[in-house]
Amino acid sequence: MARFKVWLEYQGTKYRGWQIQQNARTVQGELRQALATVFPDTEFEFQGAGRTDAGVHALLQVAHLDVKTSLSCESVRRRLNDALPADVNILKITPASPRFHARHHAQARSYLYQISRRRTALGKNFVWWVREELDVGAMRQAAALFLGMKDFRSFTDDEPDAKSTRALIENVEIVEEGDLILVRVRGSHFLWKMVRRIIGVLVEVGKGKLTEDDVRSFLKAPSARPAELTAPASGLFLEAVVYEGDQDERLLESVIKVSRPG
């Protein structure tokens, strides 16, 4: 049995997240069905670099595939794409070391969130439309408070007794593009709903309804407030999974364009 590294993208709108669940359509479930079609009566193992929540998209998810096959990587990619729905797409497949593990060997993950300042008919599945005016400068100042190794207990539904709620955030970048505000969050790993709650808190800061002291308090002690502010899944994209030797130089730019005419 050989191991392969798989790069893929997907639109998460119609899925209950990445991980297989009973009585729910998931991205991993669609991939396993496609693999069973391409490799009937053949054992295989398929694991992603991490889970994404219901409705969350991926510009670049990474997985590893174990399967015994004489097919070329390109043939496997094409056959899988033929068996997959249009909103899941295999970008690339290469041979991998038997020791390579998509999740354990990932050194960093990057997420992109798109906030729209206006209503958009074409982009509604890929943005969060915030009607109120946002102070982007205040959001940038508050974003700096998340940098470093912090306890994100207030920003997740994960049980702190079951797993650590500490995570290392390397960078939070905010730029404006047309009528979009783009937020990139890069870190070692992310907890369940963590990025969406960071975004929700930053938006409240942008509205003037939370202060930097409020953000500090959420990081110092457990609070239910970030959960109340969880941003919609529609605007969130897993942007990249970074491994040793990768050149992670992706520009911070939107997936769609949202700008006013004229």
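Computed from the coordinates by the stated procedures, all read-outs in this text should not be read as laboratory data. All of these numbers come straight from a predicted model, not from anything done at the bench. Glycine gets a Cβ as well: all are built from the backbone with ideal geometry, and neighbour counts include every protein chain shown.
Couple of notes before you dig in:
- Rounded to whole Hz, the Karplus (6.51, -1.76, 1.60) HN-Hα couplings of the stretch 191-208, x for glycine and proline: 8, 4, 6, 4, 5, 5, 7, 4, 4, x, 5, 4, 5, 5, 5, x, 7, x
- Sum of side-chain charges, Arg140 neighbourhood, beta-carbon under 13 Å (Lys, Arg +1; Asp, Glu -1): -3
- Per the Debye calculation on the stretch 68-121 with a single equal scatterer at every Cα and no solvent contribution, log₁₀ I(q)/I(0) for q = 0.25 Å⁻¹ amounts to -1.08.
- With a Förster radius of 22 Å applied to the beta-carbon distance between Glu74 and Thr42, the computed FRET efficiency rounds to 0.75.
- The mean sequence distance of close C-alpha pairs (under 8 Å, at least 6 residues apart), as a share of the length of the stretch 97-149, puts its relative contact order at 24 percent.
- Remark on the chain: ratio of C-alpha radius of gyration to 2.2 N^0.38 Å is 1.05.
- Per-residue HN-Hα couplings for the stretch 85-102 [Karplus 6.51, -1.76, 1.60; θ = phi - 60°; Hz; x = Gly/Pro]: x, 5, 8, 10, 9, 7, 8, 6, 9, 9, x, 10, 5, x, 8, 5, 10, 4
- For the stretch 124-256, fraction of C-alpha pairs farther apart than 21 Å, in %: 39 percent
- Most to least packed among 122-128, 22-28 [average Cβ atoms within 10 Å]: 122-128, 22-28
- For the stretch 2-95, average projected area of the Cα convex hull in nm²: 5.4 nm²
- Neighbour net charge for Trp128 - beta-carbon separation under 11 angstrom, K R +1, D E -1: +4
- Net charge of neighbours whose Cβ lies under 13 Å from the Cβ of His105, counting Lys and Arg as +1 and Asp and Glu as -1: +3
- Pairs of lysine residues in the chain - Cα separation under 25 Å, sequence separation of 8 or more or cross-chain: 24
- When the helices of the chain are scored as -39500 (n - 2.57) per DSSP H run of n ≥ 4 and the total is divided over every residue, the value at 222 nm lands at -6500 deg cm²/dmol.
- Using the Karplus relation 6.51 cos²θ - 1.76 cosθ + 1.60 with θ = phi - 60°, the per-residue 3J(HN,Hα) values for the stretch 15-23 come to 10, 8, x, 6, 6, 4, 9, 5, 6 Hz, with x marking Gly and Pro.
- Förster radius 25 Å - calculated FRET efficiency between Glu176 and Met149, Cβ distance, rounded to 0.05: 0.30
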